[in-house]
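The values are calculated or read from the model by the stated rules, or taken from the named source; none is laboratory data. Please read these numbers as outputs of a predicted model, since none were measured by experiment. All Cβ positions, glycine included, derive from the backbone under ideal geometry; neighbour counts span all protein chains shown.
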Amino acid sequence: MERLLELQECDLEIARLRREMEDIPRRKAQMESALDAQKARVAEADRALLDAQARIRRAEGEIAEAHAQERKYREQQLQIKSNDEYRALESQIAAVKSRVSALEDDELAAMDEADRLKAAAAEQKAELARQAERVAADVADFLARSKTLGDGLAPLEADRAARAAEVDPDWLARYERIAAKGGGAAVALVEHGTCGHCHMKLSPAQAVQARRHDQLVFCDFCGRILYAPA
Ligand SMILES: [Zn+2]
């Protein structure tokens, strides 16, 4: 019976290592998807900056056109004789100037915006670099941990096989059936006259038998093998 308990210790440890190994790819994928999200934020920040820079160039282009228009009006004024025509051109020049002034305001606003977006994009990139470094370190840790787990598993499995060979084959078969079905511990400790797994009250006869270890005793409720120290 003690051998069966030792076997169970071994099986629980093997199961724990396997669970941790299986969890590693999931945690790795989680970190990588967080990194992808940060890459998307960097791309978004770069795009916003490019938009602002395009607005600046557009405003500059329109300002240059407006200045050219103003020069054309001034040249026309030189050739004009009538006062009315001169005044009409003068008011068109005033309109162009006010348009230039509005465009310059737009350009300044876009420049401020671009400065802000440039800083934001740099911050997102710095964050990405920090995250990438963290992920690389964690992935290296995961790989190392995975190797450690894998290395630990082989001797444990050899140990398990040796222990299993020492258990009565019939007991072993029943133990393995219960362990496979119940997932986890097949042997439950008797605690204060109850089954340590399902906590149901055992009959006094069961509690006594569970201490004798000369035959397998099962919990009537959960079917676990009952064990009480002699
Ligand atoms: Zn039980």
Checklist line | Qualifying residues in the stretch 172-199 (those that are touching a helix residue (DSSP H, G or I) at 6+ places or on another chain (Cβ under 6 Å) and farther than 19 Å from Ile14 by Cβ) - the one nearest to the ligand (Cβ to nearest atom) | finding: Val190
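Hey, among the residues in the stretch 185-207 that are assigned to a loop (DSSP other than H, G, I, E, B), under 38 Å from the mean Cα position of the chain (by Cα) and without any contact (Cβ under 8 Å) to a residue 40 or more places away in the chain, which one's surrounded by the most Cβ atoms within 10 Å (Cβ to Cβ)?
Looking at residues that are assigned to a loop (DSSP other than H, G, I, E, B), under 38 Å from the mean Cα position of the chain (by Cα) and without any contact (Cβ under 8 Å) to a residue 40 or more places away in the chain, I get His197.
So which of Ala48, Ala59, Ala29, Ala88 ends up being of a type in the set (Gly, Ala, Ser), assigned by TED's automatic domain parsing to the domain that holds Ser146, out of contact with any Lys or Arg (no Cβ under 8 Å at 6 or more places or on another chain) and closer than 30 Å to Ser146 by Cβ? If you could, list the steps in order and put the result at the bottom.
Working: Ala48 fails: closer than 30 Å to Ser146 by Cβ; Ala59 fails: closer than 30 Å to Ser146 by Cβ; Ala88 fails: closer than 30 Å to Ser146 by Cβ.
The conditions single out Ala29.
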Next item on the list: Determine the pairs where a residue that is in contact (Cβ under 8 Å) with a residue 24 or more places away in the chain, located within the stretch 209-230, has a partner that is within 8 Å of the ligand (Cβ to nearest atom) and assigned to a loop (DSSP other than H, G, I, E, B) with Cβ atoms under 6 Å apart, the partner being 6 or more residues away or on another chain.
Entry: Phe221/Cys198; Phe221/Met200; Cys222/His197; Cys222/Cys198; Arg224/His197; Leu226/Cys219
Margin query: Restricting to the stretch 1-50, name every residue that is of a type in the set (Lys, Arg), exposed (fewer than 12 other Cβ atoms within 10 Å of the Cβ) and within 13 Å of the chain's Cα centre (by Cα).
Written below: Arg26
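Could you check the stretch 200-230 and list, in sequence order, the residues that are β-branched (Val, Ile, Thr) and within 12 Å of the ligand (Cβ to nearest atom)?
Going residue by residue through the stretch 200-230, those that are β-branched (Val, Ile, Thr) are 208, 217, 225.
Hits for the stretch 200-230 are Val217, Ile225.
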